[in-house]
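Each reported figure results from applying straightforward, stated rules to the coordinates on display, with no laboratory input. Quick caveat: nothing in here was measured; it's all calculated off a predicted structure. In this analysis, Cβ positions are derived from the backbone assuming ideal geometry, glycine residues included, and neighbour counts consider all displayed protein chains.
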Amino acid sequence: MTKVLVVCTGNICRSPMGEIVLAEQAAARGIELEVDSAGISAEETGNPVDSRARRVLEASGYRVPRRAARQVRRGELQDYDLVLAMTAQHQSALRRRAESEGAPTERIRLWREFDPAAPKLSDGARPSELDVADPWYGGHEDFVEALEMVEAAIDGILAELG
């Protein structure tokens with residue numbers, strides 16, 4: 001089974017949103033995926049999905065399971081077929097870690113690389129132009145916007161996974 005890891009900073013907003021949306025959309029299309037999420041940082045370890053992210057997901061029809069935030073574990077990057085970073089900073093940190101652990105770096109991609117409306121790296125866009133902005137510091141609309149960015153890339157991600 002294809003395994004995907006979605007990564008953001010603390011694993012309470014963007015990466016759980018990505019995990020939940022990707023898993024549900026894949027299941028709805030009959031695509032078997034194992035999807036998990038984690039954070040670069042350990043600061044939120046053990047915390048649930050942010051309540052604002054939960055509300056936005058549930059309002060859009062997604063089921064939000066009980067889960068606890070976690071940090072990317074040493075050695076686990078090699079276990080995934082695709083690692084999706086929410087920002088260029090996350091991607092850089094993950095690639096450094098993968099290199100130090102002997103894991104392939106080409107599997108570490110930006111979430112919005114798969115959004116057909118996003119700037120294209122192949123056209124010279126800077127990786128940071130593809131960041132999914134952190135909604136944690138904002139209000140409800142920031143979480144809605146983050147979910148919209150997450151959903152916009154789903155078709156491309158699923159096509160990439162075949």
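Can you give the Kirkwood hydrodynamic radius for the chain, in Å, rounded to one decimal and based on Cα pairs?
This gives a value of 15.6 Å.
How high is the relative contact order of region 62-162, in percent, counting Cα pairs under 8 Å that sit 6 or more residues apart?
Result for region 62-162 is 25 percent.
With contacts defined as alpha carbon pairs under 8 Å and 6 or more residues apart, what's the relative contact order of region 1-107 in percent?
After rounding, I find 33 percent.
Could you give each residue of region 98-105 its phi-based ³J(HN,Hα) in whole Hz, using Karplus coefficients 6.51, -1.76, 1.60 with θ = phi - 60°, and x for Gly or Pro?
4, 4, 5, 9, x, 8, x, 8
Taking the alpha-carbon centroid of each part, what is the distance from region 8-81 to region 112-132 in angstrom?
Region 8-81 and region 112-132 have Cα centres separated by 22 Å.
Report the label-to-label distance for Asp79 and Arg29 in nanometres (one decimal), using points 7 Å from each Cα along the Cα→Cβ vector.
That separation, rounded to one decimal, is 2.5 nm.
Starting with the fewest neighbours, write out Trp136, Trp111 ranked by other beta-carbon atoms found within 10 Å of each beta-carbon.
Ascending Cβ contact count within 10 Å gives the list Trp136, Trp111.
Give me, ordered by chain and number, the residues 5 or more places off Gln71 or on other chains with an amide H under 5 Å from its own placed amide H.
Gly39
Which shape class applies to region 21-109: rounded if a/c is under 1.5, otherwise prolate when a/b exceeds b/c and oblate if not, where a ≥ b ≥ c are the square roots of the Cα gyration tensor eigenvalues?
Oblate, because a/c is 1.5 or more while a/b does not exceed b/c.
In what order do Leu130, Leu33 fall by count of nearby beta-carbon atoms within 10 Å, going from fewest to most?
If I rank by nearby Cβ atoms, fewest first, I get Leu33, Leu130.
With a ≥ b ≥ c taken as the square roots of the eigenvalues of the C-alpha gyration tensor of region 95-162, please select rounded if a/c is under 1.5 and otherwise prolate if a/b is larger than b/c or oblate if it is not?
Judged from the Cα gyration tensor, region 95-162 comes out prolate (a/c at least 1.5, a/b above b/c).
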